[in-house]
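See structure below.
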Amino acid sequence: FVHPDGQRWMQWTPEGFYDASPGGADLFGYHLNNGRDQAGTFIRASQLQQKFFRPDLIARRLAGDEAAIAAAAAQVGDVRQTLNTASVPPQLTILSQRTLSDGDLEISYSLEDRGGGLGAVELRLDGAVLAGRSDPPVAGINRRRLRPPAGKTRLQLLAYSRGGVASLPVGLDVQGVASGEPTTLHLLAVGITNYRDASLSRGVRFAANDASAFSATLTATGRASTARVAPPVVLIDEQASAARIRQELQAMAQRVRPADLFVLYMAGHGVSDAQGEYVFLPQDLVYRNSESLTAGGLGGNELRTLLAGIPSSKTVVVLDTCSSGSFGLSGRSLGEKGAIDRLSRLSGRVVLAAAGDQRMAL
């Protein structure tokens with residue numbers, strides 16, 4: 001479906017998997033009957049984003065490849081199995097906001113379980129998902145704390161059912177107080193040329209040097225847009241293990257402030273897994289089969305969680321990665337591009353990807 005405005009579009013399969021332009025997934029949805037005595041519930045496709053936003057599967061169907069779609073439907077169920085009266089998302093209502101003495105903003109909101117149970121509550125600031133500080137959500141009144149950057153920003157909250165169906169986002173404009181500290185640019189650069197698994201050495205000859213060069217260039221030019229540049233963290237080859245990358249991203253969560261800019265640069269191998277998630281391959285990954293990617297790689301779910309822990313909504317992720325033909329996995333045109341789009345859409349972060357289909361990232 002292409003909207004008459006020429007900007008919004010959506011493609012979907014009978015199983016419920018879809019691809020869409022920004023805003024396109026609000027144009028289509030599903031009507032749930034709640035019995036003769038109650039009004040029906042309309043669920044937009046955008047509320048099913050976590051399970052069913054799968055650009056890779058749309059590409060596979062158009063290419064005549066049905067195996068991946070059948071496997072995905074067997075794993076998550078099709079939309080008819082996901083949507084029933086027991087999956088209706090909670091009702092979320094923002095009650096108040098107040099600025100605390102330490103400068104944090106506290107949002108009070110209520111949750112009403114409408115039959116689908118209570119899952120996570122997601123907070124977005126100018127579109128970027130942030131962890132914030134809160135207890136597990138409960139029915140009734142809840143509170144969420146965050147430190148917004150100076151100036152006016154848009155805050156949104158949405159609540160999930162236990163089955164992963166999201167409520168419509170509820171938003172408000174918030175006004176952050178200036179801290180008086182200068183804006184700082186933070187950089188974590190990862191570059192892997194020498195993988196522990198020798199079969200991964202092809203196609204990443206320049207990755208380590210690229211990470212060093214990217215760091216040097218950004219450090220030299222970063223003061224054009226920020227008042228201060230923090231010493232960059234650069235992980236090359238053996239330094240870029242999965243544990244070390246996690247550790248440094250968690251450390252960035254403690255150093256980066258809401259007004260700062262954070263850049264994550266990763267050069268090496270990146271692939272998409274069977275769930276349509278982008279996976280970055282750390283230096284210590286040993287490839288045995290597709291399951292080893294999930295066990296040893298840094299997958300989309302984990303990357304989104306680590307990025308959400310960084311309190312700045314001004315984050316740029318640069319993926320200078322290419323897939324390795326030695327895996328026998330599907331080509332980038334059907335997998336990795338969709339996985340990168342999924343990473344960007346679900347995290348709300350700006351993602352720049354380097355390589356074209358079937359080509360090395362140069």
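The values are calculated or read from the model by the stated rules, or taken from the named source; none is laboratory data. The structure displayed is predicted, hence computed values, not measured ones. Methodologically, a virtual Cβ is constructed for each residue, glycine included, from the backbone with ideal geometry; neighbour enumeration extends over all protein chains shown. Heavy atoms of the whole protein, side chains included, go into the accessibility calculation; ligands, DNA and RNA do not. Shrake-Rupley method; radii C 1.70, N 1.55, O 1.52, S 1.80 Å.
For this structure, a couple of remarks:
- For the range 168-203 and the range 73-102, distance of Cα centres in Å: 27 Å
- Among 9-21, 258-270, 172-184, the peptide with the highest mean count of other Cβ atoms within 10 Å heads the list, and the full ranking is 258-270, 9-21, 172-184.
- At a probe radius of 1.4 angstrom, the accessible area of the range 49-180 per residue rounds to 47 square angstrom.
- Per-peptide packing, taken as the mean over residues of other Cβ atoms within 10 Å, places 52-58, 74-80, 314-320, 345-351 in the sequence 52-58, 314-320, 345-351, 74-80 from highest down.
- Net charge over other residues, Cβ less than 14 angstrom from the Cβ of SER101 (K, R count +1; D, E count -1): 0
- Each Lys or Arg adds one and each Asp or Glu takes one away; over the other residues whose Cβ falls under 13 Å from the Cβ of PHE28, this sums to 0.
- Take 59-66, 199-206 and order them by the average number of nearby Cβ atoms within 10 Å per residue, most first; the result is 199-206, 59-66.
- DSSP beta bridges in the chain [antiparallel fraction, %, rounded to 5]: 65 percent
- Eligible aspartates and glutamates near LYS337 by straight Cα distance, threshold 17 Å, same-chain separation 8 or greater: ASP19, ASP56, ASP65, ASP273, GLU277, ASP320, ASP357
- Relative contact order, whole percent, for the range 1-109 stands at 19, derived from Cα pairs under 8 Å and 6 or more residues apart.
- The mean accessible area for residues of the range 217-303, using a 1.4 Å probe and ignoring ligands and nucleic acids, is 41 Å² per residue.
- For the chain: relative contact order, % (alpha-carbon pairs under 8 angstrom, 6 or more apart): 15 percent
- Computed over protein heavy atoms with a 1.4 Å probe, the carbon and sulfur contribution to the accessible area of the range 121-232 reaches 52%.
- Among the DSSP helices (H) of the chain, those spanning at least 15 angstrom by Cα along their long axis with an average Kyte-Doolittle hydropathy of -0.5 or more are 207-221; this is a geometric and hydropathy rule only.
- Under 26 Å from LYS152, Cα to Cα: lysines that are on another chain or at least 8 residues apart: LYS314
- A simple count of charges around ALA208, restricted to other residues whose Cβ falls under 13 Å of its Cβ and scoring Lys, Arg +1 and Asp, Glu -1, yields -3.
- With each label modelled as a point 7 angstrom along the Cα→C-beta vector, the THR305-ARG288 pair spans 2.2 nm.
- Entry for P(r) over Cα pairs in 20 Å bins from 0, in percent (calculated from the structure that is shown) out of (1) 21, 43, 28, 8, 0; (2) 27, 56, 16, 0; (3) 27, 49, 22, 2: (2)
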